[in-house]
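One structure is given below, encoded as structure tokens.
Nothing in this text is a laboratory measurement; each read-out follows from the coordinates by a stated rule. As the structure is a prediction and not an experimental result, all values here were calculated from the model.
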Amino acid sequence: MRGFAILSAFQFAGAVVHALGVPMPGAVVGLIMFTASLFLGWVKVEWVESTSSLLLKHMLLFFVPMTVLTMRLAPMLRANWAALAVSILVSTLAVMLTTGLVADFLLHRKSAGAE
């Protein structure tokens with residue numbers, strides 16, 4: 001029960017921070033705060049481990065609402081398939097290119113530092 005309370009508190013705190021004007025989703029802000037608290041030792045992994053395992057075990061259930069929404073939006077998706085396909089392709093390529101460039105930069109920087 002403590003794990004659910006801790007995770008819920010960070011979710012709520014993230015929503016509050018978002019409501020105060022931070023331009024990031026509350027869930028992301030809460031996750032960042034939770035991760036920072038884990039690294040700083042304010043929250044012990046043991047406190048949330050069993051709850052996290054339970055949530056991960058049943059994570060597929062969290063995708064059901066999104067799947068239902070996608071089916072409800074099928075007519076709009078059919079009408080705009082080309083724009084969606086192009087945006088998915090371009091954004092995927094941008095992420096792959098950025099990841100490759102950052103990895104290349106870090107590897108060259110590491111090898112230059114070793115010499």
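Taking every alpha-carbon pair under 8 Å whose residues sit at least 6 apart, the chain reaches a relative contact order of 19 percent.
Structure remark: mean-square fluctuation, Gaussian network model of the chain, C-alpha springs under 10 Å; the largest value among Thr35, Thr67, Thr98 belongs to Thr98. Remark: segment 98-107, residue by residue, has Karplus-estimated 3J(HN,Hα) of 4, 4, x, 5, 5, 4, 4, 4, 5, 5 Hz, where x stands for each Gly or Pro and the curve is 6.51 cos²θ - 1.76 cosθ + 1.60 at θ = phi - 60°. The C-alpha atoms of segment 25-87 occupy a region whose extents along the principal axes are 50, 23, 17 Å, arranged from largest to smallest. The radius of gyration of the Cα set in segment 72-115, together with its Dmax, comes out at 18.4, 59 angstrom.
In the chain, helices alone account for a calculated mean residue ellipticity at 222 nm of -27500 deg cm²/dmol, with every DSSP H run of four or more residues adding -39,500 (n - 2.57). As a ratio to 2.2 N^0.38 Å, the alpha-carbon radius of gyration for the chain is 1.50.
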